[in-house]
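First comes the structure, then the notes that go with it.
Laboratory data are not the source of any read-out in this text; all were calculated from the coordinates shown. As the structure is a computational prediction, the values presented were derived from the model and not from experiment. Cβ placement follows ideal geometry from the backbone for every residue including glycine, while neighbour counts extend to all protein chains displayed.
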């Protein structure tokens, strides 16, 4: 084995890999084809947010979609909604659901796939779906960030999650042990309530007590609001979240276009719908996105952000990173097969806020990320249309921008997917 066949230029590139593979594969000339300019943009999206060292991308994107409506009604130039507030309730609800799953699987063997996936690996993590977001907002409402600001554990959640997972594992073990000892289900549920009180205490110490009634003042019109987070949502946002449908492009074996799917165990709030989605073509996905942007509507979407992307520069473009030239090897991989082999996955949610159209066709997209202002163009990323084709999976769209057959598909009884499905989680 030798470097035979490599040109001197490619050898230099290979040696440059000492500074990182992606840096070596970066084609600066290609960036000219993906400038940060767009023919159609959602207006007044607010300032860039920062999830820092937490996995709350889905929550940040959802709140970034909602705040646009709030800014219009409040007549303010900028507003950030409290991610810490929703995080508190998400952690509590996930803990409750985790313990409910334990009670529902008390006789499941310790070495079963369900036990390993749902009980052992379920636990506390920051990730979530659009369904998680809507469940929280419907139940708890929202509030401005100034009312419940970030804390160190909300912005760097790993240590808090370690504590929560330790307690949940401890609690789960006790519930199963007590069941084996003959304790009744009614008494186990009483134990569970006491356990949740401990979880609540941990969350209060880490995140602060969630606001109930609050007063919010804004100087643009010298007005104020006093009420609950749900009242704030109803008055200043008021979007009917049931009018939104999750579309997914997942061309893998086992998925049929135009069908409604749901993922087993994929929820955070007990009693709310599972994460579900309608499978559609790329053409349907893009048309819905373009029509939404033209109507000044931002959208939540998920993708594989780790694939052929330059985080610091803000490029999501499979041509800006030329791995084929660097390694002289073919890196094309069918999207469906890549999903099946877990080579790719939806691991990050962002907000779609613009598109560049040439003769009516998109060639690049404007993306609002939640990684702060020090990456991309002040926090904005540019996504090439070819990268969209390969690595975008889910998109949340108001049904008024969708064809009737997609709306009807969303009303179907969902086809149930196991918890370990290729589309089971936003990591």
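Observations
- Under the shape rule built on the C-alpha gyration tensor, where the axes satisfy a ≥ b ≥ c, the stretch 174-321 is oblate, since a/c reaches at least 1.5 while a/b does not exceed b/c.
- Burial ordering of 315, 38, fewest other beta-carbon atoms within 10 Å first: 38, 315
- For Rg and Dmax of the Cα atoms in Å, computed directly from the structure shown, the correct entry in [x] 22.9, 74; [y] 26.9, 108; [z] 23.1, 80 is [x].
- Alpha carbon centroid spacing (whole Å) that separates the stretch 271-292 from the stretch 307-339: 25
- Among 113, 67, 56, the largest mean-square fluctuation in a Gaussian network model of the chain (Cα springs under 10 Å) belongs to 113.
- Helix 57-74 vs. the chain, principal-axis angle (Cα, 0 to 90°, nearest 10): 90
- Euclidean distance between Cα centres, the stretch 17-42 to the stretch 181-252, Å: 39
- The angle between the Cα long axis of helix 83-104 and the longest principal axis of the Cα atoms of the chain comes to about 60 degrees, rounded to the nearest 10.
- Shape category assigned to the stretch 386-427 from the gyration tensor of Cα positions, a/c cut at 1.5: oblate
- Scattering profile of the stretch 204-273 at q = 0.14, 0.16, 0.27 Å⁻¹ [log10 I(q)/I(0), Debye over alpha-carbon scatterers]: -0.78, -0.88, -1.25
- Plainly put, the stretch 256-401 has a radius of gyration that is 0.97 times its Kirkwood radius, both from alpha-carbon atoms, as the Rg/Rh ratio.
- Nearest-ten-degree value, helix 130-140 long axis tilted from longest Cα axis of the chain: 40
- When both bridge partners sit in the chain, DSSP labels roughly 85% of those beta bridges antiparallel.
- Burial ordering of 282, 74, fewest other beta-carbon atoms within 10 Å first: 282, 74
- For the stretch 166-244: rounded, prolate or oblate by the Cα gyration tensor [a/c cutoff 1.5]: prolate
- Among 136, 417, 188: highest mean-square fluctuation, GNM of the chain, C-alpha pairs under 10 Å: 188
- Within a Gaussian network of the chain (alpha carbon springs, distance under 10 Å), most fluctuating of 131, 177, 252: 177
- Which of 36, 341, 88, 277 has the fewest Cβ neighbours within 10 Å, and the rest in rising order: 341, 36, 88, 277
- Rounded Å value of the spacing that divides the Cα centres of the stretch 59-82 and the stretch 104-165: 23
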